[in-house]
Every structure is written in structure tokens, then in C-alpha cells.
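Written below as C-alpha cells is the structure these notes are about.
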Amino acid sequence: MNFSKSEELHKEALELIVGGVNSPSRSYKAVGGGAPVYMEKGEGAYFWDVDGNKYIDYLAAYGPIITGFGHPHIAKAINKAATNGVLFGTPTRLENTFAKMLQEAIPSLEKVRFNNSGTEAVMTTIRVARAYTGRTKIIKFAGCYHGHFDAVLVEAGSGPSTLGTPDSAGVPVTTAEDVITVPFNDIDAYKEALDKWGDDVAAVLVEPVVGNFGIVEPKEGFLQAINDLTHQAGAIVIYDEVITAFRFTYGSAQQLYGVEPDMTALGKIIGGGLPIGAYGGRKEIMEQVAPLGPAYQAGTMSGNPASMSAGIACLEVLSAEGVYEKLDELGARLEKGILEKAKEFNMHITVNRLRGALTVYFGVDKVTNYEEAQASDSEAYATFFKLMLNEGINLAPSKYEAWFLTTEHTESDIDETIEAVGRAFEKMSK
Ligand code: PMP
């Protein structure tokens, strides 16, 4: 494949935009460098780059694009919002409509508030949890990404449960010290953390299904144990469902496992491709938020008509009968095909899949936590990524991301992808 126009644009971008990209995950640094592919146009499950190459896409813009590119129902809603006046700075009916849809789909959202990104949503849940409990510390799980505000750019220290250290320059050590990091799926380490610091803990931040070191499900009983222990300690449970809500079912991952958090942060899919975040939860906790309570959160763009319209339209598409069954069937077909090709070409891989999302890890037998994901073979993934790109299959340029299916992928897209995987594995096995 020829990528010369992408290369030219990247060269120009490097002079204009820091690192040439507006989000570091878009750079190809983790897969050996090079110019990222510049997209021109998308349609359904496909997009075309500036050099005219066509791809079947599994990046889904890191999650939001579950209905494919340019979905006519969503496009119509966005166009209507654009011509109607994109922003008023006053409430609109759309906010009520969308809040009601979210509450119906995720009953634990007794009250919600919209904002503009997953980062904002998670950041505010922490502020509100601190306001509600009068405590400061938070617990998070190693390797889970929750956005780019200070408190969550914190790394685990050594040992099963530790106070964090900054994972980014510019994050104060004092902020990191308020964050305790524990391995995912390790309830003993979680207990240990609460035994040590429980009286100071405001909240635990949980991705009910991890999406940021690949797709990793909670072990049986893990989420319930987190709820029970956290509540015993007088702290609150926050689910970060920025990736997981409406990804696996119409609603949230909390419904899949039958465990309800006190608060939930949302983003990605619920914006139908436009910028959005939302958070919500138990009424008495949410009533901490201004103008009712003392915890401040605001936003000029929050609840803007375009994002509301796109989100409503997206949920309308997803609420149709059979959507998630189809995503699961396609996911199963893809997983089976990849595993068969791995067997044929003697590739050592593990596939973690939940319905329409999966991750292929190289060189490991299982991944249930971050340490195991880290141990997977980065070089093999980088080679695989580049081979797949040249096959016209777009994946994330990082071994820690998921492949996301959309409502627009077809069985023949999946079969074409499996054949491409086979050719990539064949080259890698030589
Ligand atoms: N939480 C999770 C689980 C995420 O995956 C992300 C983004 N990848 C965020 C929060 C932050 O969302 P945003 O990029 O919209 O700020």
C-alpha cells in the first residue's frame, strides 16, 4: 500500500501540532513509529485514507463509533441541530429527553449531569465523592485508564496495594499520594488497601470490564465483593463505564453482572461520535453538585444540542431488536477465525472477548490483570498491526486496545478480516 499523502500530512503536522497528533494514542510510537494514516471519509464499517486506500475498521475511534461511520439516522440528527442553532447557553428539551433515555437504560442513574468528555465525567465523580464522604483518598486498579486529569495519571508502586506515584510529569506527588493502586481481579489486595487506608477512602474507581489493557472481564464475584467491602468502609463505588456502557448491551456493564455502583461515569458511545461525557448516580450523592450542593462543576458546551441529538439518535439505533445479538455473533465468528488461523500457523496468542469487543494478545496464555497484559509481546503486536494495516484492516496502534465491532460490519467483512489475519500470521511465523 502507498501511504505517501499520509506521510506528507504527518510531516506538516509535526511542524504544527505537538507530536503531530491531538491525542497521543493516535501516534504510531507504540508500534515502532511512522506516519499515522490520515483518514478522508468513512462509511459504515469502512474508511478511506487520503491515499485512497480502503480499510475495514475495528478501531471505532477508540469506542464511540458503534453504529459505523456516517450513520444516516445520526447524521440527520446532527444536521438538524446544526441548522437549528448549535448552542444557546440555556436548557433545551433535548437534555431531558436524553437524560430520560439514559435513566431508563441504566436505572442506577437516579440523577445525571452531562459534560463533554470521559475525562470530565470521571473527574467530577471523584470531586462529588469527596464532597459526599468528606474523605480524600481514592482507589483505582493498576493499568486502568480513566482520562487525563491529575488524580488518575498515577502509577502503582511496588507491592499489591500501594500509594501511587505520578505517571506523568506535572502531576504533583501530593496528588498521587491520595491515590491507592491495586491489581484488577485481586480482592485480597483490595481488602488489604481498605484495611490500611479505609477510613480515608472516599471512593473506588472501577471499570466493570477493563477496556484499556485489552478487554478483561471481572472474575466471578469480584464486583460484588468490591461493592460490599467499599460500603463497609463507608466509601462509594464509582463505575467508569466510558467504554463499557452500550458496548455490550443496551445499557451498562453493571446490568451484565447484576451489581450497581453508587455513581457511574459515561462518555464515548453515548455521544454518537460527538464530544460528550455524563455522570450520575444515587440522588443524595448527586445532590452534592451545584447549584443544589457545594461541589462545583460546570461547562459552556455541556448538554449542547448537537451532542444531545447525536446521542439520542445513536441510542435509538442501538435500541433496535437484535443489535447486541448480532455484535456478539460477529465477535464470536471473528474470535473463532483468529484462533483457527493461530493454530494453523502455530502462533501463540490469547483472545479475550466480550460480545462485540475483543483483544488479541501475543505470547501469553491468559490475561486477567495488567501485569499479564504487560507481559504480552509488544514487538509481535507491532508487526501484526503493520501487516494488518497493509491488508486494509485498521486496528489500534497499541497492544492494550480492543477491536470493536459495529452494527455495520457484515459476516463477509469478518471473513475477509480472518483471511488477512491468516496471511499476517503466516508471514510472522516464518
Ligand atoms: N475512562 C475510560 C475507561 C476511557 O477509556 C477513556 C478514554 N479512552 C476515558 C475515561 C477518558 O475519556 P475521554 O478521552 O473522552 O476524555
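Just so you know, all these numbers are worked out from the coordinates, no wet-lab data involved. What you see is a predicted model, and the numbers here were worked out from it, not measured in a lab. Cβ atoms come from the backbone with ideal geometry, glycine included; neighbour counts cover every protein chain shown.
For the reader, a short list of remarks on this structure follows.
- Near G164, once Lys and Arg are set to +1 and Asp and Glu to -1 for all other residues with Cβ below 12 Å from its Cβ, the sum equals -3.
- Put simply, the C-alpha atoms of the chain give a gyration tensor, and the ellipsoid matching it has half-axes of 33, 27, 21 Å, longest first.
- Comparing L153, L315, Q288 along the charge dipole axis of region 73-318, the residue lying farthest to the positive side is L315, per the Cβ-charge model.
- Relative contact order (percent, whole number), the chain, Cα cutoff 8 Å, 6+ residue spacing: 21
- Formal net charge of residues neighbouring A151 (Cβ-Cβ distance under 12 Å; K, R +1; D, E -1): 0
- Taking the Cα centre of the chain as origin and assigning +1 to Lys and Arg Cβ atoms and -1 to Asp and Glu Cβ atoms, the resulting dipole is close to 740 debye.
- Region 46-176: equivalent-ellipsoid semi-axes (sqrt of 5 x gyration tensor eigenvalues, Cα, Å): 34, 25, 14
- Cα lying deepest toward the dipole's positive end in the chain, options N212, F345, S27, charges on Cβ: S27
- Euclidean distance between Cα centres, region 139-178 to region 302-337, Å: 32
- Entry note, the chain: the mean residue ellipticity at 222 nm calculated from DSSP H runs of n ≥ 4, each adding -39500 (n - 2.57), is -11500 deg cm²/dmol after division by the residues and rounding to the nearest 500.
- Largest mean-square fluctuation among R93, R127, R26, in a Gaussian network model of the chain whose springs join Cα atoms under 10 Å apart, belongs to R93.
- Per DSSP, loop chymotrypsin sites (Phe, Trp or Tyr not before Pro) in region 163-201 with at most 14 further Cβ within 10 Å: none
- Amide hydrogen neighbours beyond the local backbone of Q297, cut-off 5 Å, H modeled: A290
- Taking a ≥ b ≥ c as the square roots of the eigenvalues of the Cα gyration tensor, an a/c ratio of 1.5 or more together with a/b larger than b/c marks region 73-318 as prolate.
- The chymotrypsin sites (Phe, Trp or Tyr not before Pro) of region 294-401 meeting both criteria, a DSSP state outside H, G, I, E and B (loop) and at most 13 other C-beta atoms within 10 angstrom of the site's C-beta, are Y296.
- Net charge contributed by nearby residues that have their C-beta within less than 14 Å of F345 (K/R +1, D/E -1): +1
- Karplus-derived 3J(HN,Hα) values for region 361-369, using 6.51 cos²θ - 1.76 cosθ + 1.60 with θ = phi - 60°, are 9, 9, x, 9, 8, 7, 9, 10, 8 Hz; glycine and proline are entered as x.
- In a DSSP loop and with at most 16 other Cβ atoms within 10 Å, the chymotrypsin sites (Phe, Trp or Tyr not before Pro) in region 5-52 are Y38.
- Directionally averaged shadow of region 1-68, computed from the convex hull of its alpha-carbon atoms, nm²: 4.7
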